[in-house]
Amino acid sequence: MVNIGVIVLAAGRGTRMHSDLPKVLQKIAGRPIILWTLDLLKDLCIKEVVVVTGYKAGDVENEIKTHGFDVKFAQQDSARGTAHAVDVGLRKVPDATKTILVLYGDDSGLYNPQTIQSFIEHHLAERHPMTILTVTKPGYEYLGGLARDGAGNIVGVSENSHETVCGAFCFDRAWLKANLKKVQKSKVSGEYGLPQLIKIAAEQGKLADNFELADPREWTSVNTPDELKYANRLKEELTQNGSK
């Protein structure tokens, strides 16, 4: 795909995994999650890919290099959140690249390439400053979903929404660059969270859009050993059904 840059966030440790292994090196169907994500981007013929590393950056980068993926690396010097990680990665994307796809590297190992292609095409056609990949999946409300106003406009995030944010976003590059600096540090986590941009867009009257997964099996959070086992089951189902 032409004029698309991708930033893959792969800096996390994943403390709830109870493992010293970087979270993106946990395995689904016998392969590190990050390799499934990079396979996806290769299938889409996206050339500009930046992987943001942090915890055990060398291990993550060596795994990717060993498998021959042609990507750039950007290192996040400390765990300051997803917005900060995107800012670090954006510096490595050529200025001429007008559209940015952001993928959380730990939970993007199940997507069908056609799904992400349709997501990008939807973003380009609708021309919103940002588009959010969502899934309607009971039991995931606690992870954070979309908040809407009375007119149905997306205005922020809510823990009481069934429209769960998957951790994949498309951005107009100029808007993203101008607004990343407006993200505030969370009083709870001390980090700069990328979903804050949803509220920032609404406050500007430049509303975010969303694109819902047709097949909810293409996404699950991968934060614990049990969730990793579930991701493996989903991968097996998708493979058996010919979706992958």
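The values are calculated or read from the model by the stated rules, or taken from the named source; none is laboratory data. A quick note: this is a predicted structure, and the numbers were derived from the prediction, not measured. All Cβ positions, even for glycine, are placed from backbone atoms using ideal geometry, and neighbour counts span all protein chains on display. The protein model used for the area step is the full one, side chains on, heavy atoms only, and it has no ligands, DNA or RNA in it. Shrake-Rupley method; radii C 1.70, N 1.55, O 1.52, S 1.80 Å.
For the stretch 218-233, which positions are within 16 Å of the chain's Cα centre (by Cα) and either surrounded by fewer than 17 Cβ atoms within 10 Å (Cβ to Cβ) or outside any helix (DSSP H, G or I) (or both)? Residues satisfying the conditions are 219, 220, 221, 222, 223.
I'm trying to understand the selection: among the residues of the stretch 163-221, which are of a type in the set (Lys, Arg), closer than 21 Å to residue 148 by Cβ and at pLDDT 95 or above? Listed by number, the list holds a single entry, 199. Screening residue 50 with (1) surrounded by fewer than 16 Cβ atoms within 10 Å (Cβ to Cβ); (2) modelled with pLDDT of 95 or more; (3) not aromatic (Phe, Trp, Tyr) gives one miss only, at (1). Only one of the numbered conditions (1) of a type in the set (A, V, I, L, M, F, W, C); (2) open to solvent by 50 Å² or more (accessible area, probe 1.4 Å); (3) over 21 Å from residue 176 (Cβ atoms) is not met by residue 38, and that is (2).
Output the residues belonging to the stretch 5-19 that are open to solvent by 10 Å² or more (accessible area, probe 1.4 Å) and either at pLDDT 95 or above or hydroxyl-bearing (Ser, Thr, Tyr) (or both).
If the condition is that a residue be open to solvent by 10 Å² or more (accessible area, probe 1.4 Å) and either at pLDDT 95 or above or hydroxyl-bearing (Ser, Thr, Tyr) (or both), then 9, 11, 15, 19 are the ones that fit.
Screening the stretch 107-210 for helices (runs of 4 or more DSSP H) wholly inside it with 3 or more residues that are of a type in the set (Lys, Arg) and crowded, with 20+ Cβ neighbours inside 10 Å returns no ranges. Among the residues of this structure, residue 65 does not count as one that is free of Cβ contacts under 8 Å to residues at least 40 places away in the same chain and within 23 Å of residue 3 (Cβ to Cβ).
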